[in-house]
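The values are calculated or read from the model by the stated rules, or taken from the named source; none is laboratory data. Computed from a predicted model, the values in this text were never measured in an experiment. We place every Cβ from the backbone using ideal geometry, glycine too, and count neighbours over all the protein chains shown. The area values use the complete protein model at the heavy-atom level, side chains included, leaving out ligands, DNA and RNA. Shrake-Rupley method; radii C 1.70, N 1.55, O 1.52, S 1.80 Å.
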Amino acid sequence: MELEKFSYDNKVVKAFIIATVTFGLVGMSVGLLAAIQLFYPIFNFDLQYTTFGRIRPLHTNAIIFAFVGNAMFAGVYYSTQRLLKARMFSDALSWIHFWGWQLIILAAAITLPLGFTSGKEYAELEWPIDIAITLIWVVFAWNMIGTILTRRERHMYVAIWFYIATLVTVAVLHIVNSFEIPVTLFKSYSWYAGVQDALVQWWYGHNAVAFFLTTPFLGLMYYFLPKAANRPVYSYRLSIIHFWSLIFIYIWAGPHHLLYTSLPDWAQSLGVVFSIMLIAPSWGGMLNGLMTLRGAWDKVREEPVLKFMVVAVTAYGMATLEGPLLSLKNVNAIAHFTDWIIAHVHVGGLGWNGFLIFGILYWMVPRMWATKLYSTQLANIHFWLGTLGIIFYALPMYVSGVVQSLMWKEFSPEGFLVYKNFLETTVQVLPLHMLRAIGGGLYLIGAILMTYNLIKTAYAGSFIANEQAEAAPLAKAYSVTSGGWHHRLLEHKPILFTVLALVAILIGGIMEMVPTFLIKSNIPTISSVKPYTSLELHGRDIYIREGCVNCHSQMIRPFRSETERYGEYSKAGEYVYDHPFLWGSKRTGPDLHRLNGKYSNTWHYNHMLAPDAVSTGSIMPAYPWLFEQSIDKSLTSGKIRALRTVGVPYEDGYESQANDDLDKQAAEIVASLKADEIEVMPETEIVALIAYLQRLGKDIKAEKVASSELKTPN
Amino acid sequence: MYKNVLQNIDNIAIWPVVSFVIFFLFFLCLLWWVFTSDKKFIDTMKQMPLNDGGTKTFVKQPN
C-alpha cells in the first residue's frame with residue numbers, strides 16, 4: 001500500500017512541557033510555604049491573600065491541575081500521535097486546549113487567594129471556572145477522538161485505552177460534582193447537602209485521584225517505560241486485565257474516605273470491600289512495570305530516566321497497597337484526620353506522579369530537540385535529591401500521624417483524656433513538620449536542577465517542531481481473521497470501546513449514587529435542626545472563604561476519645577442544611593462541631609484576632625482583616641433564595657425580612673462584646689463569624705432538652 | 001416518581017452483594033477474553049511503542 005507522509009506536532013507538546021515545568025516549580029514552592037506556615041504562623045503574613053486556608057487549596061490545585069495536568073497533556077499528545085501514526089486531529093483544537101487550560105490555571109491562581117472557593121476539596125474553583133473546565137475538556141476529548149478516528153494504526157495500544165477512560169470519566173466526575181447554584185459571579189452553593197454532598201464529593205475526590213492522577217499516568221507508563229528500556233512491556237495480557245479491573249473497581253471505593261462518619265454503614269462497607277479488591281489490579285500494574293525491566297537492571301543503574309521510572313512505579317505500588325490498608329476500619333480510625341494521610345498522598349504525588357513526570361521529561365526533551373541530555377550527572381543528583389526529599393517528607397509525616405493520633409486517644413488510668421488540650425498534641429509534632437519542610441525543600445531544589453538541565457539541553461539542540469513520519473492509511477474494508485476475534489473487535493472499534501468504558505464506570509458510579517438519592521430515607525430527621533439564620537449564613541460563608549475547613553473538622557466520630565473531647569458524636573440529620581458540607585479531612589486544629597457555648601463571644605473575638613495570645617503556642621493564623629471588613633448585606637436575599645432553590649425550607653418572603661433578623665442577632669453579639677469593653681460595628685465580618693461558630697452544635701442540644709422535658713417517643 | 005421507587009428499596013444490605021456479583025461476572029468474562037486471545041496478535045500489540053518510528057525518522061524542519 002502507498003505510504004502517506006505526515007508529521008507529528010511537537011510544538012504543542014513543547015508548550016505543555018514548558019507549562020509543566022513552570023507550574024511544577026510554582027506549585028511546589030506554594031506547598032513549601034504552606035508547610036512552613038504550619039510551624040511558623042508568621043509566614044501567613046497576617047494577610048488574607050496568603051493565609052494558610054487559601055494557600056493550601058492554591059497548592060493542591062496548582063500541583064494537580066497545573067503541574068500534573070499539563071504533564072499529562074504533554075505526554076498524551078506525544079504518545080497518542082505516535083501510537084496512532086497520525087498527527088493530532090486539529091492544530092487549532094490543540095492550541096485552544098493549551099491556552100484554555102492555562103487561562104483556567106490563571107483564573108485559579110487569582111480567585112483562590114481572593115477567597116473565591118466552593119469549599120469542596122480539589123473542586124474549589126467557582127462555577128464560571130467549572131464551566132470553562134468542562135468546555136476545554138470537551139475540546140481535548142474532541143481532539144483525541146478525532147485523532148483516533150483518523151488514525152493509521154488499526155489497533156489501539158493499551159495506553160490509548162487508559163487515555164480514553166480518563167477522558168470519559170473525568171468528564172462525568174467533574175460534571176456531577178460541580179452541580180451548584182450560583183449566587184453571584186464568584187459565589188455558589190453546592191446543589192447537594194450534608195451527607196449527600198459528602199458522598200458525591202468523595203466519590204469525586206477519590207476518582208479524581210484514580211482518573212486524573214492514575215489512569216493517564218499508567219497509560220504514559222505503558223508507553224514511555226518500554227521506550228526508555230527499549231523492550232516491550234512484560235505482559236500485554238496483564239495490562240489488559242490491569243486496565244479493565246482498575247477502572248471497574250476504582251469507581252466504587254470512594255466511601256472509604258468517610259468511614260465512621262455519618263454515612264450509612266452499608267455504603268461504608270461497600271467502600272472497604274472494593275478498596276481491598278483494588279490491590280490486585282494496582283499491584284498487577286506495578287509488577288508489569290517493574291518486570292518490564294527484568295534483565296535490564298544494569299541499564300537502570302546508568303540511565304536516570306529509568307531510575308526515576310523505577311522509583312515512580314514502586315511508589316505507585318506502595319501507595320496503592322497503603323490506600324486499601326487505610327480503608328480498613330481499624331486502621332482508618334487511627335489514620336483519618338492525621339498527617340498519615342498527608343504522607344500517603346505525597347508518596348503518590350511526589351513519588352508516582354512527580355518521578356514519572358521527571359523521567360518522561362528527561363526522555364522527551366532531548367529527543368524533541370534532537371540532542372543529548374545536557375548533563376546526566378545533574379539528572380542523577382536530581383534523582384537523589386528527589387528520593388531523599390520523598391523520604392524526609394513521608395517518614396516524619398507517618399510518625400507525626402501516628403503519634404498525634406495516639407495522643408488524641410490516650411486515657412489516664414482514672415479514665416480522663418491525658419491530652420485534654422488539643423493544642424498540646426499539635427505542638428508535639430511541630431519538629432516533624434519542620435523535617436517535612438526540609439524534605440519538600442530538597443525535592444524542590446531537585447526540580448530546579450532539572451529545569452536548568454532541560455533548558456540547557458534545549459539550547460544545545462534544535463527543536464523539531466514537526467517530526468516527519470510515514471505510514472500506510474487504514475484499509476477501508478477490514479475483515480477480522482480467525483482467532484482472537486473478540487479481542488480485536490474491541491481494539492479497532494474505538495467508539496464501542498469508549499461506550500464500554502463508560503458503562504464500566506457508570507455501573508460503579510450509579511450503584512454508588514443510588515444511595516445518595518436514597519439518603520433522605522436514611523437520615524433520621526432531627527426536628528430541632530433548623531436552617532441557618534441570615535447572619536450565621538454570612539458567617540458560614542466567611543468560614544468557607546477563609547478555608548477553616550483545611551484545619552478544622554466538623555465531624556465527631558463515635559469513639560469514646562472523641563465524644564469525651566468534643567461531645568456527642570455527629571448525626572447525619574444535623575447536616576441537612578449544609579450546602580456544602582464542611583466535615584473536613586484533616587485536624588490541624590480541634591473539631592468544631594460542638595463549639596456552641598464552649599467559649600464566650602469575647603473569647604472568639606480575641607482568639608480570631610490573635611490566636612497565639614489566647615491559646616499560647618497556637619499555630620492558627622490570625623485573621624485581622626475580619627475586624628476591618630464588613631459583610632455585604634445586599635447579598636443576603638440572594639443567598640436565601642439560592643438555598644431555598646436547593647431545598648432549604650426558608651419561608652416564602654423570608655428574604656425581605658432576613659436583614660432585619662440579621663441586624664437583631666448582630667446587635668446581641670455586639671452588646672455582649674460591649675459588656676467586655678469591646679467596641680465593634682455590627683456589620684463587621686467577625687460578628688457574623690462568631691454567630692456561625694456559636695451555632696455549631698446548638699440544635700442538637702435543643703433536641704436533648706426537648707426530649708428530656710417532654711419524654712415524647714421518637 | 002422515580003424517587004419513590006428508589007426509596008422503596010428496603011433491603012439495603014443487598015447492594016454490596018449485587019455490586020460484588022456484577023464485578024465477579026465481569027471479571028470472569030475478562031479473564032476468558034484475555035486468555036483466549038491470539039498470541040501473535042498480543043505480540044504485535046506489545047511491540048507497538050517500540051515501532052512507532054518516532055525517534056528514527058528525524059528530519060530537521062525549519063521552525
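The table for this structure:
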item	result
Residue in segment A:63-85 that is in contact with an Asp or Glu (Cβ under 8 Å, 6 or more places away or on another chain) and hydrophobic (A, V, I, L, M, F, W, C) present	yes
Top-ranked residue of segment A:245-268 - restricted to ones that are open to solvent by less than 10 Å² (accessible area, probe 1.4 Å) and facing another protein chain (nearest Cβ under 9 Å), ranked as farthest from B:Asp38 (Cα to Cα)	A:Ala267
Test result for A:Leu326, open to solvent by less than 30 Å² (accessible area, probe 1.4 Å) and closer than 30 Å to A:Phe581 by Cβ	yes
Members of segment A:551-590 that are open to solvent by 30 Å² or more (accessible area, probe 1.4 Å) and part of a loop (DSSP other than H, G, I, E, B)	A:Pro558, A:Phe559, A:Glu568, A:Tyr569, A:Lys571, A:Val576, A:Tyr577, A:Pro590
Subset of segment A:266-291 (residues that are in contact with a Leu (Cβ under 6 Å, 6 or more places away or on another chain) and polar (S, T, N, Q))	A:Gln268, A:Asn288
Yes/no for A:Ala228 being in contact (Cβ under 8 Å) with a residue 12 or more places away in the chain, assigned to a helix (DSSP H, G or I), under 17 Å from A:Ser327 (Cβ atoms) and touching a helix residue (DSSP H, G or I) at 6+ places or on another chain (Cβ under 9 Å)	no
Positions within segment A:317-350 being closer than 21 Å to A:Gly69 by Cα and either among the acidic types (Asp, Glu) or touching a residue at least 60 places away in the same chain (Cβ under 8 Å) (or both), in sequence order	A:Ile342, A:Gly348, A:Gly349, A:Leu350
Segment A:142-166, subset under 20 Å from A:Phe211 (Cα atoms) and open to solvent by 20 Å² or more (accessible area, probe 1.4 Å), residue farthest from the other protein chains (Cβ to nearest Cβ)	A:Trp142
Per-region count, segment A:591-620, residues more than 24 Å from A:Glu564 (Cα to Cα), of a type in the set (S, T, N, Q) and open to solvent by less than 40 Å² (accessible area, probe 1.4 Å)	1
Scan of segment A:291-323 for residues that are farther than 19 Å from A:Leu350 by Cβ and open to solvent by 10 Å² or more (accessible area, probe 1.4 Å), ordered by number	A:Met291, A:Arg294, A:Gly295, A:Trp297, A:Asp298, A:Lys299, A:Val300, A:Arg301, A:Glu302, A:Glu303
Search result, residues across segment A:637-677 that are touching a residue at least 12 places away in the same chain (Cβ under 8 Å) and in a loop (DSSP other than H, G, I, E, B)	A:Val646, A:Gly647, A:Val648, A:Pro649, A:Tyr650, A:Asp676
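Residues checked against (1) within 30 Å of A:Ala471 (Cα to Cα); (2) crowded, with 24+ Cβ neighbours inside 10 Å:
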site: A:Ser29; (1), (2): no, no
site: A:Leu32; (1), (2): no, no
site: A:Arg56; (1), (2): no, yes
site: A:Ala92; (1), (2): yes, no
site: A:Ile96; (1), (2): yes, no
site: A:Ile105; (1), (2): no, no
site: A:Leu114; (1), (2): no, no
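The rows are residues; the columns are (1) facing chain A (nearest Cβ under 7 Å); (2) modelled with pLDDT under 60; (3) open to solvent by less than 40 Å² (accessible area, probe 1.4 Å); (4) not in a helix (DSSP H, G or I).
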residue	(1), (2), (3), (4)
B:Lys3	yes, yes, no, no
B:Val17	no, no, no, no
B:Phe24	no, no, no, no
B:Cys29	no, no, no, no
B:Lys40	no, no, no, no
B:Met45	yes, no, yes, no
B:Phe58	yes, yes, no, yes
